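For reference, the structure is listed below as structure tokens.
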């Protein structure tokens, strides 16, 4: 599926909450017809009324059961506010339940499953919001006038603070888990994701995944695109601080190969052996005179002899625009300029008419991946990457259900992103769920 299909997936989700009738996109990820699917959703909506009655009747049992299982001291005793909410993780309706005082909130579905349980806090800004949505990776969302999901400006704790892995001690920041060479939240071997999750997040099992893009993605690394490299005395190399540029190159190349954008010369190259001397950074980084040392040893900056005979024309165009807008070999590039850079290259240079939009919800990213379209991600405050740009080429969704009484369960989800991180010629897994929360910003390809 391409961009039109991806937009259809999003449109279907928006239809689930009976949003704008002006949306003209049709289709969806369900095999049933749109009419049948909408009928199923209407039944779910009606069933939520019964769920609300159950919550009112069983609140004490829910609280006591939760406290027993999680060794918590939840003191909720009454309901202050309720609202229908659409669960994007499950594609069904539930009831948002706001409890007395500062005693937290949760969502309950007609089949007695509780989501987003928080034993403290009060999200009073949700009161009166129509078409309320919820995603475990994003929290509560509203829908703007264009029919797009948007996050609320207030800060919201997304994870269940009573889960064992939500504590620093249990997270084990110095522990090396299966699939890792060193401790951290990233650089996890994708073929070890199940072992990694089993060890770090006991009780979670794989619910959904999509790694179709990753199978035939062309993983160009930062060293592969660096005009200049730090050359160490042992022969090792470090690249320029060009992760944002390399991620953009990998994306534009893949979108072009898959037919999402046209006229992009991703196979053409330049011989830059002589032209490199005219580069704005050549005198500083290309002559071997800039030296230094770090934990990896002593080094000198020098031109990348392996790259220069065959510099990709596409990357050179990305780099040229970036240099005019502040790119530096060591300081890198600004995330805020990434969308404009991609649009300039694919539209102004190559005649496409696409847009790069920030994804306000992970659901846009997963829908893009299902449509075989990679996305851009900026990872910040990562223990493995620091601040870094990469291409998202897949995702994994894990689920845990915890029984709290005879017929009710607490459901938790965690997501993992499969990325082309620019450091390896294979995909790696990034884990956004550890306590020392990293932040992510996603961009996706759109026709409008």
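When we screen 333, 327 for residues that are more than 13 Å from residue 228 (Cβ to Cβ) and buried (at least 20 other Cβ atoms within 10 Å of the Cβ), the only hit is 333. Would you call residue 216 in contact with a strand residue (DSSP E or B) (Cβ under 9 Å, 6 or more places away or on another chain) and either on the phi < 0 side of the Ramachandran plot or not assigned by TED's automatic domain parsing to the domain that holds residue 323 (or both)? No, not satisfied. Name the single residue that is modelled with the highest pLDDT among those in segment 97-143 being more than 27 Å from the chain's Cα centre (by Cα) and on the phi > 0 side of the Ramachandran plot. Ranking the qualifying residues of segment 97-143, first place goes to 101. Candidates in segment 284-316 are the residues that are over 27 Å from residue 251 (Cβ atoms) and in contact with a helix residue (DSSP H, G or I) (Cβ under 9 Å, 6 or more places away or on another chain); of these, the one that is surrounded by the most Cβ atoms within 10 Å (Cβ to Cβ) is 301.
Quick grid of which residues meet (1) modelled with pLDDT of 95 or more; (2) within 25 Å of the chain's Cα centre (by Cα); (3) assigned to a strand (DSSP E or B); (4) over 30 Å from residue 415 (Cα atoms):
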{"position": "292", "(1), (2), (3), (4)": "no, no, yes, yes"}
{"position": "302", "(1), (2), (3), (4)": "yes, no, yes, yes"}
{"position": "316", "(1), (2), (3), (4)": "yes, no, no, yes"}
{"position": "321", "(1), (2), (3), (4)": "yes, no, no, yes"}
{"position": "336", "(1), (2), (3), (4)": "yes, yes, no, no"}
{"position": "343", "(1), (2), (3), (4)": "yes, yes, no, no"}
{"position": "346", "(1), (2), (3), (4)": "yes, yes, no, yes"}
{"position": "353", "(1), (2), (3), (4)": "yes, yes, no, yes"}
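The single condition among (1) in contact (Cβ under 8 Å) with a residue 12 or more places away in the chain; (2) farther than 19 Å from residue 253 by Cβ that residue 406 does not satisfy is (1).
When residue 344 is tested against (1) closer than 30 Å to residue 90 by Cβ; (2) free of Cβ contacts under 8 Å to residues at least 60 places away in the same chain, only condition (1) is not met. The conditions of being at pLDDT 90 or above and either in contact with a strand residue (DSSP E or B) (Cβ under 9 Å, 6 or more places away or on another chain) or not assigned by TED's automatic domain parsing to the domain that holds residue 413 (or both) are not met by residue 158. Residue pairs whose Cβ atoms lie under 6 Å apart, sitting 6 or more positions apart in sequence or on different chains, and linking a residue in segment 214-229 that is under 21 Å from residue 298 (Cβ atoms) to a partner that is surrounded by fewer than 19 Cβ atoms within 10 Å (Cβ to Cβ), are 223/237; 229/237.
Every residue, every condition in (1) surrounded by 22 or more Cβ atoms within 10 Å (Cβ to Cβ); (2) farther than 16 Å from residue 409 by Cα; (3) in the same structural domain as residue 397 (by TED's automatic domain parsing), yes or no:
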| site | (1), (2), (3) |
| --- | --- |
| 69 | no, no, no |
| 79 | no, yes, no |
| 98 | no, yes, no |
| 114 | yes, no, no |
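Just one of the listed residues (390, 420) is over 25 Å from residue 175 (Cβ atoms), modelled with pLDDT of 95 or more and surrounded by 24 or more Cβ atoms within 10 Å (Cβ to Cβ), and it is 420.
Residue count for segment 83-103 under the criterion of being in contact with a strand residue (DSSP E or B) (Cβ under 7 Å, 6 or more places away or on another chain) and outside any strand (DSSP E or B): the result is 4. When residue 271 is tested against (1) exposed (fewer than 12 other Cβ atoms within 10 Å of the Cβ); (2) touching a helix residue (DSSP H, G or I) at 6+ places or on another chain (Cβ under 7 Å); (3) without any contact (Cβ under 8 Å) to a residue 24 or more places away in the chain, exactly one condition is not met: (3). Of all the numbered requirements in (1) touching a helix residue (DSSP H, G or I) at 6+ places or on another chain (Cβ under 6 Å); (2) surrounded by fewer than 22 Cβ atoms within 10 Å (Cβ to Cβ), residue 427 misses one, and that requirement is (2).
Within segment 12-64, how many residues turn out to be within 22 Å of residue 89 (Cβ to Cβ) and either at pLDDT 80 or above or part of a helix (DSSP H, G or I) (or both)? Going through segment 12-64 one residue at a time, the tally reaches 26.
Using the structure shown, decide if residue 276 is buried (at least 17 other Cβ atoms within 10 Å of the Cβ) and touching a residue at least 60 places away in the same chain (Cβ under 8 Å). In short, no.
The values are calculated or read from the model by the stated rules, or taken from the named source; none is laboratory data. Being a predicted model, the structure only gives us computed values, none of them experimental. Reconstructed Cβ throughout: ideal geometry from the backbone, glycine too, with neighbour counts over all protein chains shown.
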